[in-house]
1. Using only the Cα atoms of the range 35-91, what semi-axes does the equivalent ellipsoid have when each is the square root of 5 times a gyration tensor eigenvalue? Give whole Å, largest first.
2. For the chain, with the dipole built from +1 on Lys and Arg beta-carbon atoms and -1 on Asp and Glu ones, taken about the Cα centre, which of PHE11, HIS291, ASN262 lies farthest toward the positive end?
3. Could you tell me how far the Cα centroid of the range 6-39 sits from the Cα centroid of the range 226-293, in Å?
4. I'd like the FRET efficiency for ASP223 and ASP69, computed as 1/(1 + (r/R0)^6) with the beta carbon distance as r and R0 of 30 Å, rounded to 0.05.
5. Around LEU142, under 10 Å between beta carbons, what's the net of Lys plus Arg minus Asp minus Glu among the other residues?
6. Label TYR87 and LYS284 with points 7 Å out from Cα along Cα→Cβ: what is the distance between them in nm?
7. What length, rounded to one decimal in nm, is gained on full extension from ILE118 through to ARG143, with 0.36 nm per residue of separation minus their alpha-carbon distance?
8. Could you work out the Rg to Rh ratio of the range 67-122, with Rh taken as the Kirkwood radius (inverse of the mean 1/r over all Cα pairs)?
Amino acid sequence: MTKRRKRECAFNFTGSKRQFLPEILSVAKDYIAQDLNVLDMFCGGGSLSTSLPINWKVTANDIEYRVVDVHKYFQQALINREGDVEYVFDAIKKHCHFHVKDNKDEKGYEDLKTAHNINVKNGNTFPVDLYALLCSSNSNRLRWNSSGEWNLQFGKRYFNPSMQKSLLGYLERMAERDITFTSESFRTIDCKDYDIVIIDPPYSYDGKSTAVYNENGGWQYKDMIDTLFLCDKLDSEGKKFIYFNELITKGEPNTSLMSWANSYKTIYLDSDINESSANRTNKKSVEVMIHNF
Ligand SMILES: C[S@@+](CC[C@H](N)C(=O)[O-])C[C@H]1O[C@@H](n2cnc3c(N)ncnc32)[C@H](O)[C@@H]1O
């Protein structure tokens, strides 16, 4: 099995699945060298989309268009510079450091936040400003209020060496791959052209998720059930799927998921847990990857 990678992700995205790449590759080992069309339906910070086998033509989708816009912006910058990763990286680094100089530069952060919110109100979005804000926000989170304003406090952080390393890795991987970014709901996306669909929805069984993208009832039990129907549909059409979720969340069993999973194959993502111990574990959550091939 390939070495497990850290949660390295240019966006420090909650729920990043790059660390589970070895499990994905072990399931898809017969297809790694093939030219497949693959949909990463809930791509979030793109850590997975930019790490999948290089032969795969990947469509990376997420309903959060502002994050997708940042991906597209960075990708376009690479295309404009004919794949010169160093150049694009240096330009982004200069931009971030111009606005927020260090982990004490609260004024720089607040000024950028004000300017960004005015720009958005006037219909001008500058994704690189959004990226600079995220590098300095509280816990590197992404959050907007209901009027679409960025409203996070300064996180006493900046585009530090660790963020720089992650961004560089992300740009290098992006430059080597054929990725198309889209922003649609999983409910409307057409899956007919894909050989494999990777489904990594929010985990929110019984409202227990703390991820920002789950706030204000963003993801409900019914949404989870609908992703299960979607997997069944893909299976009945002869397509492959890889699905992430939790069988137990903070001690609460997800019984619908458990019985649904019996029709497919389950990989336990915590190496200390297996099928027979899952129900007896005193660990609070049991994360799994369920697949049909
Ligand atoms: C667990 S995160 C995905 C993390 C991602 N796979 C990664 O490795 O970085 C779940 C994502 O689902 C997205 N999402 C929520 N509702 C959605 C919907 N109806 N359709 C598509 N994406 C949605 C959220 O914006 C969030 O980015």
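Values quoted throughout were computed directly from the atomic coordinates according to the rules given, and no laboratory measurement underlies them. Worth saying up front: this structure is predicted, and the values here are computed from it rather than measured. We place every Cβ from the backbone using ideal geometry, glycine too, and count neighbours over all the protein chains shown.
1. Numbers: eigenvalues 84, 48, 15 Å².
Listed largest to smallest, the semi-axes of the range 35-91 are 21, 15, 9 Å.
2. PHE11
3. 17 Å
4. On the way: r = 23 Å, r/R0 = 0.77.
The computed FRET efficiency comes out at 0.80.
5. Details: positive: ARG66, ARG141, ARG143; negative: GLU64.
For residues surrounding LEU142, the net value is +2.
6. Placing both labels 7 Å beyond Cα along the Cβ direction yields 4.8 nm.
7. Values: separation 25, 0.36 × 25 = 9.00 nm, distance 1.62 nm.
This chain segment gains 7.4 nm when fully extended.
8. Details: Rg = 13.4 Å, Rh = 12.8 Å.
For the range 67-122, the value is 1.05.
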